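For reference, the structure discussed in these notes is given below.
The values are calculated or read from the model by the stated rules, or taken from the named source; none is laboratory data. Remember, it's a predicted structure, so these values are computed and weren't measured experimentally. Note that we place each Cβ from the backbone using ideal geometry, even for glycine, and neighbour counts take in every protein chain shown.
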Amino acid sequence: MVVMTLLSRARAGDDAAFGELVEPFRRELYVHCYRMLGSVQDAEDVLQETLTAAWRGLGGFGERASLRTWLYKIATNRCLNWLRDGERRPRTVPVFPPGVVPPEPSRTTEPVWLQPIPDTLLAGLPDENPGPEARYERREAVSLAFVTAVQTLPARQRAVLLLRDVLGYRAAEAAQLLDTTEDAANALLKRARATRFDLAPAEPPTPRQRQAAATFAAAIEAGDVDAMITLLTDDAWLTMPPAPLEYQGHAAIADFMRRIGLREGRRRYRLVPTSANLQPAYGCYVSDDGDPVGHAHGMLVLTMAGDRVSAFTRFIDNAVLPYFGLPRRL
C-alpha cells in the first residue's frame, strides 16, 4: 500500500516520493553498474542516468514486473549503451615511469581498465542470493577476481551472466530485461560461463589474515623484498590493471619489485589501511629520493589464502582515492 501511494505521488510529479520509492534499490543498482563497468566513477554516472531515465519514464512503468526489476532493466541497458558508445573516461595513467623497462612477465593479457570499490559502498546489500538462478554468493560476486574476469566478457555476455548467476533472474526474465529472446539469452549465458572464474573463498578475512596483510604491507614500507616474498603463496600473482603484464611466483615477483616496484630502495612506500571488494587494501603513497611528503600512488588490494597472500593487485589511478576518503598527499 505504501509503495502504491508513493508510486501514485511520483507519477503526479512528486520528486520526493520518487526518491523514497527508489532509495531501497539505489545501493544494489550502483553495485550492479560497478560489476558491469568495473569503475566506481562510471557506475556513479550511469546510476544517475538510470534514476533520471526512471523518473522521466515512470508513466510508462506498467507494473507487469516489480519496480526493482524495471530499474534493473534500465540500469543494465544504460550500462550496455555506455560500453557500446565508448563513454568510459579517458585513460591516461602511466603505468611505468619513462625509461623504465619492466622484466619479462609470466604472461601478458588484454588490458583491463578496473577500479576497486570501497566496502562502504557494499554495505547494506542483501546477504542471501536474491533469486533462484543465482550461482555466486554476494561476497564472491564483488571479489576483485570476479569483477576482473567479468570485464573480459563481451558486454551482452557480461550482462546476462550478472542477471542470471549473480542476481538470480530466470532465463525468461533475463531475456525480457535485455529485450531479446530466451534462446538468445541462453546462448549468451553459455558462452559467458565458458570463461573460467577463479574465485577466492567467500569468507571475510580472519584476524590472522588481517595481521598477515598488515605484515605484508609493513614489508613493502620497509622496502624488504625478501620479507614480502616469505608472505606469498608459491603460486602468487602480481597484477597491475590496466598493464597487460602479470608476474607469478617468488622469483618473478621479487625481480619486479626490486627493479620496478621498490627501485632498489630509492622508492619508499607509506600504506594506509582500508578495505576494497571485501578484501584487505591499502592506499599507497610514494616518496622518492628522500622526499618527506608521500604522494598518492593508487591502491593495493590483497587476496588472502590462509595466512599468505595469493595475489596482490596494484592500481595506479588516483581518481578512486576520494571514494575511500584518502588524501592526495601525506
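Per-structure values
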| read-out | value |
| --- | --- |
| Some residue of the stretch 82-90 being surrounded by fewer than 17 Cβ atoms within 10 Å (Cβ to Cβ) and at pLDDT 95 or above | no |
| Within the stretch 226-243, considering residues that are at pLDDT 95 or above and aliphatic (A, V, I, L, M), the one farthest from G294 (Cα to Cα) | A236 |
| Helices (runs of 4 or more DSSP H) contained entirely in the stretch 101-201, each with at least 1 residues that are within 21 Å of L278 (Cβ to Cβ), touching a helix residue (DSSP H, G or I) at 6+ places or on another chain (Cβ under 8 Å) and free of Cβ contacts under 8 Å to residues at least 40 places away in the same chain | 155-161 |
| Check on Q48, within 30 Å of I260 (Cα to Cα), part of a helix (DSSP H, G or I) and at pLDDT 90 or above | no |
| Strands (runs of 3 or more DSSP E) lying entirely in the stretch 220-297 (those with 1 or more residues that are touching a Pro at 6+ places or on another chain (Cβ under 6 Å), farther than 25 Å from F324 by Cα and not β-branched (V, I, T)) | 245-248 |
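Let's see how each residue does on (1) surrounded by 18 or more Cβ atoms within 10 Å (Cβ to Cβ); (2) not small (G, A, S); (3) not assigned by TED's automatic domain parsing to the domain that holds R270:
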residue	(1), (2), (3)
Q157	yes, yes, yes
L162	yes, yes, yes
V166	yes, yes, yes
E173	yes, yes, yes
Q211	no, yes, no
I220	yes, yes, no
A227	no, no, no
T233	no, yes, no
A236	yes, no, no
